[in-house]
Ligand code: PAF
């Protein structure tokens, strides 16, 4: 497996593959790879000749320094995992920050038509400028045909689709189903930081999301939101940051349902210092 740490050598290599007419999938990651990432890569391998996997903990998307410092960095383990998926059809790009940002590590500012102001945008100021900056630069370096993102970060997925259409980046952005552990917890690199007790408690998030979905046919958005808040009110290990029901396209929180629209429920929860997010399609 080839691992590049600089964009000059990577692009020379990829240009040669493109010259031969071979297709490129792309899975951007921040490492600490798990089965969720593997499922994105496998989908990429089905559609493309090669899949580029970037491993880069992007400093500009963290609005909390401690979160950035504690983010797991496990490059050797990640490469070993990728080797078990495919020895010869995965290309790894693991750059230093200077390869992406040059001298100055800073975000560009983006207008994602309001998608960036909802949910995560409200609780993590600047986060989507950081994500937009790094993904735009990675797309410009890799120039993939298709890029794969998990629906666990549904808002990120919608924003990256917007990034591609507004900046004419010529990449097909594909949203992949949330990959869950057997007990329902959505796979995330942050799960590694959960204590045993927190890990045992965390499936409660998906359990309540499913219950919210079951209620969606007969209850109003407000009733479901109130019910959800009650479920977490006295929880010993999990603290609810937000739960809301939103239009799946605009991501605006709804007060009332209309016909012919798709809705999703979104949740962010703290288990100690570890922040977990999840979401579910309601209709
Ligand atoms: O979803 C992630 O892991 C990151 O936000 C991404 C897309 C790799 C950008 O750093």
| message | Restricting to segment 122-132, and then to whatever is part of a loop (DSSP other than H, G, I, E, B) and either on the phi < 0 side of the Ramachandran plot or more than 15 Å from the ligand (Cβ to nearest atom) (or both), can you tell me which residue is surrounded by the most Cβ atoms within 10 Å (Cβ to Cβ)? | response | 124
| query | Out of curiosity, is residue 99 farther than 30 Å from residue 267 by Cα, out of contact with any strand residue (DSSP E or B) (no Cβ under 8 Å at 6 or more places or on another chain) and part of a loop (DSSP other than H, G, I, E, B)? | reply | no
| Out of curiosity, is residue 151 away from the ligand (no atom under 16 Å from the Cβ) and either touching a strand residue (DSSP E or B) at 6+ places or on another chain (Cβ under 7 Å) or touching a residue at least 12 places away in the same chain (Cβ under 8 Å) (or both)? | no
| query | Does residue 60 satisfy the condition of being without any contact (Cβ under 8 Å) to a residue 60 or more places away in the chain, touching a helix residue (DSSP H, G or I) at 6+ places or on another chain (Cβ under 8 Å) and near the ligand (Cβ under 10 Å from one of its atoms)? | reply | no
| request: Would you please list the contacts, defined by Cβ atoms under 7 Å and residues six or more apart or on different chains, that run from a residue in segment 133-147 that is part of a loop (DSSP other than H, G, I, E, B) to a residue that is modelled with pLDDT of 95 or more and within 14 Å of the ligand (Cβ to nearest atom)? | output: 144/26; 144/52; 144/171
| For residue 3: the one exception among (1) more than 30 Å from residue 273 (Cα to Cα); (2) outside any loop (DSSP other than H, G, I, E, B); (3) more than 16 Å from the ligand (Cβ to nearest atom); (4) out of contact with any strand residue (DSSP E or B) (no Cβ under 6 Å at 6 or more places or on another chain) | (4)
| remark: For segment 4-33, pairs from a residue that is more than 20 Å from residue 173 (Cα to Cα) and in contact (Cβ under 8 Å) with a residue 24 or more places away in the chain to a residue that is away from the ligand (no atom under 16 Å from the Cβ) and assigned to a loop (DSSP other than H, G, I, E, B), with Cβ under 9 Å and 6 or more apart or across chains, are 11/143; 17/23; 17/49
| message | Show me the strands (runs of 3 or more DSSP E) found entirely inside segment 168-283 where at least 1 residues are over 17 Å from residue 156 (Cα atoms). | response | 238-247, 263-271, 274-281
| request: Inspect segment 71-85 for any residue being within 15 Å of the ligand (Cβ to nearest atom), more than 26 Å from residue 249 (Cα to Cα), in a strand (DSSP E or B) and in contact with a helix residue (DSSP H, G or I) (Cβ under 8 Å, 6 or more places away or on another chain) and give the result as yes or no. | output: no
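When you scan segment 1-31, how many residues do you find that are modelled with pLDDT of 95 or more and touching a helix residue (DSSP H, G or I) at 6+ places or on another chain (Cβ under 8 Å)?
Within segment 1-31, the subset modelled with pLDDT of 95 or more is 2-31.
Pick out the ones that are also touching a helix residue (DSSP H, G or I) at 6+ places or on another chain (Cβ under 8 Å) and you get 2-7, 10-11, 14, 23-31.
Matching residues across segment 1-31 total 18.
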| task | With the checklist (1) more than 10 Å from the ligand (Cβ to nearest atom); (2) without any contact (Cβ under 8 Å) to a residue 24 or more places away in the chain; (3) assigned to a helix (DSSP H, G or I) in hand, flag the one item residue 157 doesn't pass. | result | (1)
| request: Determine which single condition residue 119 fails, assuming it passes every other condition in (1) within 14 Å of the ligand (Cβ to nearest atom); (2) under 15 Å from the mean Cα position of the chain (by Cα). | output: (1)
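The values are calculated or read from the model by the stated rules, or taken from the named source; none is laboratory data. Quick caveat: nothing in here was measured; it's all calculated off a predicted structure. With ideal geometry, Cβ positions are generated from the backbone for all residues, glycine too; neighbour counts draw on all protein chains shown.
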